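K.L.:
Take a look at this one; I'll ask things after.
The values are calculated or read from the model by the stated rules, or taken from the named source; none is laboratory data. Since this is a predicted model, take the numbers as computed values, not measurements. Neighbour counts run over all protein chains shown; Cβ positions are idealised from the backbone, glycine included. With ligands, DNA and RNA removed, areas are computed over all heavy atoms of the protein, side chains included. Shrake-Rupley method; radii C 1.70, N 1.55, O 1.52, S 1.80 Å.
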Amino acid sequence: MSYNTKDIKIPWEFKKFNQNVELQRAVIEVFGGCNYTCQMCPQSNPGRGKDFTRKMPLETFKKVLDKIVPKFGTPQINLEGSGEPTMAKDLPEYIKEVKKRGLKCFMYCNGARLNGKFMRDVIDAGIDFVRFSMIGYDKEQYKRWMNIDNFELIKSNIDEMADYIKESKSNCEISTYHLVLDNNREKEIIDLYKKNIVEKVKADKSYIWRMHNWSGNYDNKNPREIKKKTSCGRPFAPEITVRAGGLDGKTASVVPCCQTLGPPNEAKSVLGHLDTQSFEEVYFGDKYTKLREAHTLNKYEEVDYCKNCDFLYQSEEVLAWTNDKNARINNMLGTGDDFILTDFNKDRMEK
């Protein structure tokens, strides 16, 4: 990171971030690679660095959980981070470790492997929420954007999972996730998603979003509305994002958020590694502190992985449509009503 505190005048004695943190969410990636090559994802465009596409060993995963829980709260655990979690053949074992600790377990995935015994084992392990990403409102568009002819397979997998959830009396919820493929055709595209997917599959909820640019790593041809830059709130939010891989052969690298996926920003955004460091060393460390200083003082241009990120532009239009009546912008799925990212700002700093 190029940010240097010596270049600015801090108007107060900048103290360490409040260490009485109660994490509400931990995004822990169990597998960094992916079985898809989606057009709008840095995994394939421009291609994720090999240091980040490995699997997080189960023992490392357990150690990461134990460094957080219960000392720093009982957060919801999301098993992603932009790698494809279902690529881990022993994924149910990761879910079981989360449930052993009495935590909610969420997963965002493409869903191609979620059928048959593997799907049933995932449900039986106790997962609470599964989101299927379906970018493309019909077979042709799905293949174009996700680079694989799996449109009908994913719809079938959703229904198979919904049927097993009912049969097994699981409390797991299913949602679908979609993107507006052309801002000039937004209403038409929303209607096609609803007609071809939302009204056809047995999902509980669906969300259609406008595209984003992965902290500037992806050249988004369908940009979000440009407004005045303000902090996204992520450096101050009670959450943590942990990658499966890391730098110099390490695993469990901590990054500010999942948006830094891919080159060049992912490597630049590493704040520490939980395979070799404590949670305190990373979360209250120098790199994290400098990031919080930059967001407090609106010095986003000094942070390579923040300066071009379109999450700094707050707009109510980023969520184009949903049938979730409780959905709110910047409220992470599964978290409490008080978890609004943009509310976690410089007021959370001790002055």
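K.L.:
Taking 0.36 nm per residue of sequence separation and subtracting the Cα-Cα distance, how much length would be gained by fully extending the chain between E140 and K202, in nm to one decimal? If you can, show how the numbers build up before the last one.
P.N.:
Numbers: separation 62, 0.36 × 62 = 22.32 nm, distance 2.16 nm.
Roughly 20.2 nm would be gained on extension.
K.L.:
About its Cα centre, how strong a charge dipole does the stretch 77-161 have in debye, to the nearest 20, once Lys and Arg get +1 and Asp and Glu get -1 at the Cβ?
P.N.:
On the way: 14 positive and 14 negative charges, 46 e Å.
Computed charge dipole of the stretch 77-161: roughly 220 debye.
K.L.:
Modelled label-to-label distance, K221 and K187, 7 Å Cα→beta-carbon offset: nm?
P.N.:
In this crude spin-label approximation the distance works out to 2.4 nm.
K.L.:
Now for a separate question. Given only helices, namely DSSP H runs of n ≥ 4 each adding -39500 (n - 2.57), what is the per-residue ellipticity at 222 nm of the chain, to the nearest 500 deg cm²/dmol?
P.N.:
Numbers: 9 runs with 84 residues, N = 351.
Calculated from helices alone, the mean residue ellipticity at 222 nm is -7000 deg cm²/dmol.
K.L.:
Right, here's the next one. Can you give me the % of accessible surface on the stretch 187-250 that is carbon or sulfur? Probe 1.4 Å, all protein chains present, nothing else counted.
P.N.:
Working: 1350 of 2750 Å².
Within the stretch 187-250, the accessible surface is 49 percent carbon and sulfur.
K.L.:
Please calculate the 1.4 Å probe accessible area of F31, with all protein chains present, and give it to the nearest 10 Å².
P.N.:
Around 40 Å² of this residue is reachable by solvent.
K.L.:
Could you work out how far apart the two model spin labels at D338 and S315 are, taking each label as a point 7 Å from the Cα in the direction of the beta carbon, and quote it in nm?
P.N.:
Taking the simple label geometry, D338 and S315 are separated by 3.2 nm.
K.L.:
Next up: Just for the chain, what percent of DSSP beta bridges are antiparallel, to the closest 5?
P.N.:
Numbers: 10 of 33 bridges.
In the chain, DSSP labels about 30 percent of beta bridges as antiparallel.
K.L.:
Suppose the chain between T276 and D159 were pulled fully straight at 0.36 nm per residue; how much longer would it get relative to their current alpha carbon spacing?
P.N.:
On the way: separation 117, 0.36 × 117 = 42.12 nm, distance 4.18 nm.
Separation in residues times 0.36 nm, less the Cα-Cα distance, equals 37.9 nm.
K.L.:
Counting only heavy atoms of protein chains, what accessible area per residue, in Å², does the chain have with a probe of 1.4 Å? Don't jump to the answer; show the numbers that get you there.
P.N.:
On the way: 15150 Å² over 351 residues.
That works out to 43 Å² per residue.
K.L.:
Suppose we look only past 18 Å in the calculated P(r) of the stretch 126-245. What percent of the Cα-Cα pairs does that tail hold? Intermediate results must be reported in sequence, preceding the final value.
P.N.:
On the way: 4438 of 7140 pairs.
So the pairs more than 18 Å apart make up 62 percent of the total in the stretch 126-245.
K.L.:
Let me ask you something else. Which of the residue pairs K67/K250; K229/K250; K55/K96; K104/K287 have a Cα-Cα distance greater than 25 Å in the structure shown? List each step's numbers first, then the result.
P.N.:
Working: K67/K250 17 Å; K229/K250 34 Å; K55/K96 17 Å; K104/K287 29 Å.
Over 25 Å Cα-Cα: K229/K250; K104/K287.
K.L.:
While we're looking at this one, here's another question. I'd like the isolated cysteines in the chain, meaning no second cysteine's beta-carbon lies under 4.7 angstrom from theirs.
P.N.:
C34, C105, C109, C172, C232, C257, C258, C306, C309
K.L.:
Nearest 0.05, what FRET efficiency do K169 and K325 give at R0 = 22 Å with Cβ-Cβ as r? Please list the in-between numbers first.
P.N.:
Numbers: r = 25 Å, r/R0 = 1.13.
FRET efficiency, K169 to K325: 0.30.
K.L.:
To the nearest 20 debye, what is the magnitude of the charge dipole of the chain about its Cα centre, counting +1 on the Cβ of each Lys and Arg and -1 on the Cβ of each Asp and Glu? Mind dumping the intermediate values first?
P.N.:
Numbers: 56 positive and 52 negative charges, 66 e Å.
Result for the chain is approximately 320 debye, rounded to the nearest 20.
K.L.:
Report, to the nearest whole %, how much of the accessible area of the stretch 93-169 belongs to carbon and sulfur atoms, 1.4 Å probe, protein only.
P.N.:
Working: 1450 of 3310 Å².
Answer for the stretch 93-169 is 44 percent, counting heavy atoms of protein chains only.
K.L.:
Still on this structure, please answer the following. Which one of H273, T296, G285 is farthest out on the positive end of the charge dipole of the stretch 261-351, using unit charges on Cβ (Lys, Arg +1; Asp, Glu -1) and the Cα centre as origin?
P.N.:
After comparing all options, I get T296.
K.L.:
Now for a different question. Rank S44, P75, I123 by how far each Cα sits towards the positive end of the charge dipole of the chain (+1 on Lys, Arg Cβ; -1 on Asp, Glu Cβ) and give me just the farthest.
P.N.:
Highest projection toward the positive end goes to P75.
K.L.:
If I model a spin label at Q39 and D66 as a point 7 Å from the Cα along the Cα→Cβ vector, what separation in nanometres do I get?
P.N.:
Label at Q39, label at D66, 4.7 nm between them.
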